[in-house]
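Each value in this text was obtained by applying a stated rule to the coordinates, not by laboratory testing. Keep in mind that what you see is a predicted model, and the values were worked out from it rather than measured. Glycine also receives a Cβ, built like all others from the backbone with ideal geometry; neighbour counts cover every protein chain displayed.
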Amino acid sequence: MTANYYRYHVFFCINQREAGQRCCGNHNSQAMRDYLKKRTKELGIVGRDGVRANTAGCMDRCKHGPVIVIYPEGVWYTGKIRMILMKLLASIYNRGALLNGCE
Ligand code: FES
């Protein structure tokens, strides 16, 4: 067993609440997860040492949605998720550090 199987393991809250209630599902979180999954496949960076996009249920940060958390850093991100994902993908090629979390 290895300490880090994936280089980045990204969890997307895709929880959808009743109409009118704040939740990540109201902020295209499923589409953002699908975007990352599609791009990582296109770029050939899936599997071991690559990027894994997983769905998650509510992470109890609903009012900050959409919410993702990226491991191994365990940093939470909210707001402009697509931009964060693009920076994540760029960081792989640039060998740079991932941006800071934005809670
Ligand atoms: S609905 Fe996403 S954190 Fe609760």
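Some notes on this structure:
- Counting beta carbons within 10 Å around each of TYR8, TYR35 and listing the fewest first gives the order TYR35, TYR8.
- Within straight-line cross-link reach of LYS80, lysines at Cα separation under 20 Å, skipping those fewer than 8 residues along the same chain: LYS37, LYS38, LYS63
- Computed from point charges on the beta carbon alone (+1 for Lys and Arg, -1 for Asp and Glu), the dipole magnitude for the chain about its Cα centre is near 240 Debye.
- The Kirkwood radius of the stretch 8-94, taken over pairs of alpha-carbon atoms, gives through the Stokes-Einstein law at 10 °C and 1.306 mPa s a diffusion coefficient of 122 µm² s⁻¹.
- Distances between placed amide hydrogens fall under 5 Å for CYS58 paired with ASN15, all partners being 5 or more residues away or on another chain.
- Footprinting exposure proxy for VAL46, VAL67 (fewest neighbouring C-beta atoms within 10 Å first): VAL46, VAL67
- Of the residues VAL67, VAL51, TYR77, the one whose Cα sits farthest toward the positive end of the charge dipole of the chain, with +1 on the Cβ of Lys and Arg and -1 on the Cβ of Asp and Glu, is VAL51.
- Calculated from backbone phi, Karplus (6.51, -1.76, 1.60) coupling profile of the stretch 22-32 in Hz, x at Gly/Pro: 5, 6, 5, x, 7, 10, 6, 5, 5, 5, 5
- Remark: spin-label model distance ARG17-GLU42 equals 3.3 nm, labels positioned 7 Å along the Cα→Cβ axis.
- Residue-by-residue Karplus 3J(HN,Hα) for the stretch 66-72, coefficients 6.51, -1.76, 1.60, Hz, glycine and proline x: x, 10, 10, 9, 10, 9, x
- Once the convex hull of all Cα atoms in the stretch 4-57 is built, its volume per residue stands at 61 Å³.
- Neighbour counts of C-beta atoms inside 10 Å place GLU42, GLU18, GLU73 in the sequence GLU18, GLU42, GLU73, starting with the fewest.
- Placing pseudo-labels 7 Å out from each Cα toward the beta carbon at GLN30 and CYS58 gives an inter-label distance of 1.8 nm.
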